Amino acid sequence: MLTLRLIFNLYTMKNLIYFPFLMLLFLGCKEDQKTSNSEQNVNLEATRNNDTTSKKINEFAIVIHGGAGTILKKNMSAEDEAAYKAKLEEAIKVGHEILKNGGTSLDAVEKTINVLENSPLFNAGKGAVFTHEGANEHDASIMDGETLNAGASAGTKTVKNPINLARAVMENSPHVMLSGEGAEQFAKEQGLELVDPSYFYTEKRFQSLQKVKAAEDSKTAIDKSAFYDPTIKDSKFGTVGCVALDKNGNLAGGTSTGGMTNKRWGRIGDAPIIGAGTYANNATCAVSSTGWGEYFIRAMVAYDISALMEYKGMSLQEAAKEVIQKKVPALGGDGGIIAVDKDGHMVMEFNTAGMYRASMDASGNLTIGIYKD
Ligand code: ASP
């Protein structure tokens, strides 16, 4: 306004000689205004972020998954369904109890995952799928949202509970990820429980490998990778994961898996990749992924959800939808995630027919799901 009045006054004084300078001054002011508008936008964004941060709906919370994939009711017996639900309930209650008693989210994540790893039902620990060569190779990771510290292990064959190894890597080594024989050596030095590889043999998983191999053999040389054929790759993925918020406001996430049936050449999936399979940050959320690992790595799924919250001010639900329903399918991948944010909102998002999952809030409300609806 001041600029306009000045122009007017000077005009009436017939000081036309100043006209070009005045125009420059006027345009300069417009530019300033533009800058301050965009500053305002940034501030609004920040306020929005702060707004979504201030409403705690759960003092503590826990969510778990037992894998996403082509899990259809018509293929599941009533006994199998009951067995999965019972194990999910048993596992989540272990973590919930820890959180209720003031324990850390890291302990809740680790101990909950141990229950799932010790069950033959899930593709992690005891129930791990078989590699092309008929072995079981485990990947796992864990992340502490308070410190952004993280640990992971890949391709181990004798560590009974890979999530414990991931935590030991995080807490007792200067590294983030160890693999293969070195990781096993470290596990031994840490006094973790080691088992003979035959411990991981389950008939069901072995038969899955035979089926996938037979399908692969029947394909042409050009189209040989059964691994990439969605119709014959394992009918479900089965990885396990847990995310938790504790009473101190600390988030943690962890994931453990045997990977994908018929994997070879030392293939490593998303589960041990921090940012893809697991991510936790007290400023945003904790996420654990399950699905077709190659796509989850390329989409950096777990970190992307956190980043959408941090930089775009999205809610956890909006961010999870964006990544799981849009970004991952756009690449050709499928799967899902579980997540909890710093205010205790819990999300279980997947684009497959089903995902074994459960959540429990601070009041002890338990939900268990397998199929889409
Ligand atoms: N994401 C895992 C992997 O690709 C598989 C799974 O989720 O079951 O190794």
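The values are calculated or read from the model by the stated rules, or taken from the named source; none is laboratory data. Computed from a predicted structure; not experimentally measured. For neighbour counting, all protein chains shown are included, and Cβ atoms are generated from backbone atoms with ideal geometry for every residue, glycine included. Ligands, DNA and RNA are excluded from the accessible area calculation, which covers all protein heavy atoms including side chains. Shrake-Rupley method; radii C 1.70, N 1.55, O 1.52, S 1.80 Å.
With the condition kept exactly as written, say whether any residue in segment 332-343 is more than 12 Å from the ligand (Cβ to nearest atom), more than 15 Å from Cys242 (Cβ to Cβ) and surrounded by fewer than 20 Cβ atoms within 10 Å (Cβ to Cβ). Yes, segment 332-343 contains a residue that is more than 12 Å from the ligand (Cβ to nearest atom), more than 15 Å from Cys242 (Cβ to Cβ) and surrounded by fewer than 20 Cβ atoms within 10 Å (Cβ to Cβ). The lone criterion from (1) over 23 Å from the mean Cα position of the chain (by Cα); (2) open to solvent by 40 Å² or more (accessible area, probe 1.4 Å) left unmet by His132 is number (2). Among the candidates Gly238, Gly253, Gly259, the residue that is in contact (Cβ under 8 Å) with a residue 24 or more places away in the chain, in a strand (DSSP E or B) and within 16 Å of the ligand (Cβ to nearest atom) is uniquely Gly253. Residue selection: Lys73 satisfies the criterion of being surrounded by fewer than 18 Cβ atoms within 10 Å (Cβ to Cβ) and in the same structural domain as Pro162 (by TED's automatic domain parsing). All conditions in (1) assigned to a loop (DSSP other than H, G, I, E, B); (2) open to solvent by less than 40 Å² (accessible area, probe 1.4 Å); (3) not acidic (Asp, Glu) hold for Pro120, with the sole exception of (2). Count of segment 110-166 residues, restricted to those that are within 16 Å of the ligand (Cβ to nearest atom) and free of Cβ contacts under 8 Å to residues at least 40 places away in the same chain, is 2.
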